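For reference, the structure is listed below as structure tokens.
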Amino acid sequence: MTVKQLSLPELAKVCVELGIAHVGLWREPVQTYGVEAAARLVRDAGLTVTSLCRGGFLTATGLEERAAALADNRRAVEEAAALGTDTLVLVCGGLPPGDKDLHGARERVADALAELAPYAGQYGVKLAVEPLHPMFAADRCVVSTLAQALDLAERFPAHQVGVTVDTYHLWWDDRAPEQIARAGAAGRLHAFQLADWTTPLPAGVLNGRGQLGDGAIDLREWAGYAAAAGYTGPIEVELFNDELWARDGREVLAETARRFVEHVVR
């Protein structure tokens with residue numbers, strides 16, 4: 001998503017040119033290109049798919065809506081397995097229209113995980129619950145803190161359900177470092193993502209993720225939290241940013257790689 005202006009073939013080509021060996025993919029462009037075709041494309045380019053984003057949106061109250069969400073998430077598990085990644089990132093969903101019961105919505109997420117976790121396990125895919133910043137609790141994710149995400153995940157085996165840590169969503173939470181340690185100790189730190197926090201936020205706030213080094217987050221410190229927790233997996237950069245999307249994709253990807261070295265690598 002950092003360079004969504006690039007088609008999947010362009011993305012693969014530029015990654016190879018820049019020496020980037022790992023890529024996190026989103027479902028929409030993969031589905032448009034074709035899941036099997038996308039799997040061949042990345043495989044032939046020598047790329048490893050680190051995660052597939054996103055499943056989730058599991059808070060609906062209606063039976064038909066819930067059944068449709070579960071079916072879509074089963075497809076997402078199958079897509080992840082076809083792409084060769086063992087991690088499906090979940091954004092749990094916000095409150096249904098007219099609903100103000102946050103606790104009930106979180107319990108519906110748990111109910112859905114009870115059905116999806118064993119299915120994902122059959123495919124060797126881990127579900128990684130991603131807490132989002134509280135400003136998204138109403139419309140995108142009723143899980144707002146890493147503690148809440150772990151409370152959900154810990155109802156299920158660690159090889160089936162864990163968490164995603166995204167600096168953009170968690171940097172403000174002074175309990176997050178201890179929760180990262182908790183996730184690491186339990187083998188539930190399944191994905192780690194970086195984006196910076198810049199202000200002012202744009203209208204709609206969704207596309208306000210800052211380029212690494214442009215904002216308020218000490219990214220190297222957060223990478224240190226993950227390392228101290230025993231995390232040795234890939235570190236993804238996930239930027240939703242209209243200004244970046246308006247630029248040349250190769251230029252943005254090269255810049256992001258340089259910023260990663262400058263602001264993250266110890």
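The values are calculated or read from the model by the stated rules, or taken from the named source; none is laboratory data. Not measured: the values here are computed from a predicted model. Because the Cβ atoms are built from the backbone with ideal geometry, glycine has one as well, and the counts that use them run over all protein chains shown. Protein only, heavy atoms only, side chains kept; ligands, DNA and RNA dropped before computing areas. Shrake-Rupley method; radii C 1.70, N 1.55, O 1.52, S 1.80 Å.
For Gly98, state whether it is without any contact (Cβ under 8 Å) to a residue 40 or more places away in the chain, among the small types (Gly, Ala, Ser) and not in a helix (DSSP H, G or I). Spelling it out, Gly98 is indeed without any contact (Cβ under 8 Å) to a residue 40 or more places away in the chain, among the small types (Gly, Ala, Ser) and not in a helix (DSSP H, G or I). Screening segment 1-21 for residues that are among the β-branched types (Val, Ile, Thr) and part of a loop (DSSP other than H, G, I, E, B) and picking the one that is surrounded by the fewest Cβ atoms within 10 Å (Cβ to Cβ) gives Ile20.
Assess whether Gly104 counts as being open to solvent by 10 Å² or more (accessible area, probe 1.4 Å), closer than 16 Å to Glu236 by Cβ and not basic (Lys, Arg).
Working: open to solvent by 10 Å² or more (accessible area, probe 1.4 Å): yes; closer than 16 Å to Glu236 by Cβ: no; not basic (Lys, Arg): yes.
Criteria not met by Gly104.
Only one of these is among the charged types (D, E, K, R) and under 17 Å from the mean Cα position of the chain (by Cα): Glu178, Glu130. Name it. Spell out the reasoning first.
Details: Glu178 fails: under 17 Å from the mean Cα position of the chain (by Cα).
After ruling out the rest, the residue left standing is Glu130.
Residues in segment 73-85: is at least one assigned to a strand (DSSP E or B), under 16 Å from Glu130 (Cα atoms) and open to solvent by less than 20 Å² (accessible area, probe 1.4 Å)?
No, segment 73-85 contains no residue that is assigned to a strand (DSSP E or B), under 16 Å from Glu130 (Cα atoms) and open to solvent by less than 20 Å² (accessible area, probe 1.4 Å).
Screening Arg250 against (1) open to solvent by less than 60 Å² (accessible area, probe 1.4 Å); (2) in a helix (DSSP H, G or I); (3) in contact (Cβ under 8 Å) with a residue 60 or more places away in the chain leaves a single unmet condition, (1).
Residues of segment 111-141 being under 11 Å from Gly56 (Cα atoms) and not acidic (Asp, Glu), which ones? Residues satisfying the conditions are Ala112, Leu113, Leu116, Leu127, Ala128, Val129, Arg140, Cys141. Of the residues that make up segment 221-228, is at least one crowded, with 18+ Cβ neighbours inside 10 Å, under 19 Å from the mean Cα position of the chain (by Cα), aromatic (Phe, Trp, Tyr) and more than 21 Å from Ile20 (Cα to Cα)? Yes, segment 221-228 has at least one match.
Residues checked against (1) touching a residue at least 60 places away in the same chain (Cβ under 8 Å); (2) of a type in the set (Ser, Thr, Tyr); (3) in contact with an Asp or Glu (Cβ under 8 Å, 6 or more places away or on another chain):
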{"residue": "Leu170", "(1), (2), (3)": "no, no, no"}
{"residue": "Pro177", "(1), (2), (3)": "no, no, no"}
{"residue": "Arg182", "(1), (2), (3)": "no, no, no"}
{"residue": "Ala186", "(1), (2), (3)": "no, no, yes"}
{"residue": "His190", "(1), (2), (3)": "yes, no, no"}
{"residue": "Gly213", "(1), (2), (3)": "no, no, yes"}
{"residue": "Glu236", "(1), (2), (3)": "yes, no, no"}
